[in-house]
Amino acid sequence: MYEDLSVERFMSGLRKRNPNEPEFHQAVHEVAQSVIPFILDNPRYQDAAIIQRMTEPNRTLMFRVVWEDDNGNIRVNRGYRVQFNNAIGPYKGGLRFHPSVNLSILKFLGFEQTFKNSLTTLPMGAAKGGADFNPKGKSDREVMRFCQSFMTALYRHIGPNVDVPAGDIGVGAREISYLFGQYKRLTNEFSGVLTGKALEFGGSLIRTEATGYGNAYFMEEMLKQRGDSMIGKTCVISGSGNVAIYCAEKILQLGGKVVTLSDSSGYIHDPDGMDTEKLDWVKDLKVKRRGRISEYAEKFGCDYFAGKRPWDVPCDLAFPCATQNELDGDDAKVLASNGCIGVSEGANMPTTLEGIDVLQKNRMLYGPGKAANAGGVAVSGLEMTQNSIRMAWTAEELERRLHNIMVGIHAQCAQHGAEDDDYIDYVKGANIAGFIKVADAMLAYGVV
Ligand code: NDP
């Protein structure tokens, strides 16, 4: 029936069915380029229209979120949950609160989550959600009222065996706590319905660190494959949120040198490199004081570049850890010409399709987010396990498991992404390895 399957035809149909969703088109296009040739070699997936089914979310929820600000004004936002695929486990994926949130961004994130969660080897389906609410500049009480209203709309659609949301941009420990408190109030049930919870009420050690640590581990594995290591490497990081901070921390532990961090206003360049003391100061700045990264330059006497991204700073390794499409083709060319040998993505889809092309043509190591940042959702999966067995593992045990999972993800990518010249195409490897598990489950269920 789908004999004429080709990337171009498939993408043209997808664009028609999902107009004005450029981020979703971009994420699907990247997967289609590696998975469609694989499907053509394995007709059972083509006959069952697996790729057509995997690119259509199981369910998309959109809802009004009404709340009252501190001045008594009634405010209205739009909330979402895109339940993408539950073939291999309950829907699982973060919530993002940011003014840029729209259906296209959440569909790209939910789609990518399908492959990422599959790669972890844990039983988790895929979802993503959030709202166009901007927590910046809001008081704690305003954020609480927003979260309570958001959860009042969402709670009937989620549950520990149905859909387990977590944090993402703009949703950290504070927001998860308010959301969990409201879920508990509405359902009269204490369950592992959210991950990223505080330790006092079912959270997991290492969850906060997991995405950033995992990203550094993934880079270490890519380097190891080439007989190299992180020791002495100069590293450039974008972002200064949860992922960026803990990526920097693990790079330091593995012997690398971190010289930049950024936020949406600009980046700092500290040529001497950061140490744990400076990083602890950043944690306090970003988590407790909710300040700007420019303050780092004032505090430690280094340069700050307003309105710029850090990719023109000469480095050995680059770690985009802020947001989607923050590293384009021109940035990739600058990295390559400055001698950078590898990019590992802490953020989701931070590199444009042109950027990926440049990195791969230069035979640079390139770890796509769906593999390199899967450590976060992996420890979320371990949080679900701990909630189910009503036990808490130690930090050492969890970090050991996280490390093993990242090594395993790297091995799956290397297996499916090996090229003739010994280069590993990690995009192809991640997409095919992630696809097979979900596709086989869908085949087994028949037409549902
Ligand atoms: P945070 O909200 O903690 O931090 C986000 C960081 O990125 C901040 O420094 C922020 O700066 C910056 N940023 C956000 N939007 C932009 C923008 N448009 N341009 C430039 N900088 C921007 O989020 P996380 O660290 O949790 O998430 C970062 C990325 O990692 C996202 O792509 C997320 O999807 C991905 N990710 C996160 C996981 C997690 O466990 N948290 C798991 C897997 C992936 P500012 O403060 O100025 O907004």
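Assorted remarks:
- Solvent-accessible area per residue for the stretch 86-180 (1.4 angstrom probe, square angstrom): 28 Å²
- Beta-bridge orientation, the chain: approximately 55 percent antiparallel, per DSSP, counting only bridges with both partners inside.
- Magnitude of the charge dipole, the stretch 59-190, Cβ model with Lys/Arg +1 and Asp/Glu -1, debye to 20: 200 debye
- Overall dimensions of the chain, expressed as equivalent-ellipsoid semi-axes from the Cα gyration tensor (√(5λ), whole Å, largest first), are 30, 30, 21.
- In the chain, the DSSP-assigned H stretches of four residues or longer account for a calculated mean residue ellipticity at 222 nm of -15000 deg cm²/dmol, using -39500 (n - 2.57) per stretch and the full residue count as denominator.
- Charges were assigned to the Cβ only: +1 to each Lys and Arg, -1 to each Asp and Glu. The resulting dipole of the chain about its Cα centre is roughly 1620 debye.
- Given 14 as the ceiling on other Cβ atoms within 10 Å, longest exposed-site-free region of the chain for GluC sites (Glu not before Pro) in DSSP loops: 190-418
- Surface composition of the stretch 267-328: carbon plus sulfur atoms contribute 46% of the solvent-accessible area (1.4 Å probe, protein chains only, all chains present).
- Farthest toward positive dipole pole in the chain [+1 Lys/Arg, -1 Asp/Glu at C-beta], among Val35, Ala153, Ala378: Ala153
- The stretch 59-190: C-alpha pair distances exceeding 18 Å, %: 51 percent
- Evaluated at q = 0.15, 0.18 Å⁻¹: base-10 log I(q)/I(0), Debye formula over Cα of the stretch 174-241: -0.66, -0.77
- For the stretch 7-54, the fraction of alpha-carbon pairs lying more than 15 Å apart is 41 percent, rounded to a whole number.
- Above-threshold pairs, the threshold being 18 Å between Cα atoms, out of Lys92/Lys283; Lys107/Lys370; Lys92/Lys128; Lys250/Lys278: Lys92/Lys283
The values are calculated or read from the model by the stated rules, or taken from the named source; none is laboratory data. Here the structure is a predicted model, which means the values were calculated and not measured. Cβ sites come from the backbone with ideal geometry, for glycine too, and all protein chains shown count toward neighbours. To get the accessible areas, we keep the full protein, side chains included, count just its heavy atoms, and leave off ligands, DNA and RNA. Shrake-Rupley method; radii C 1.70, N 1.55, O 1.52, S 1.80 Å.
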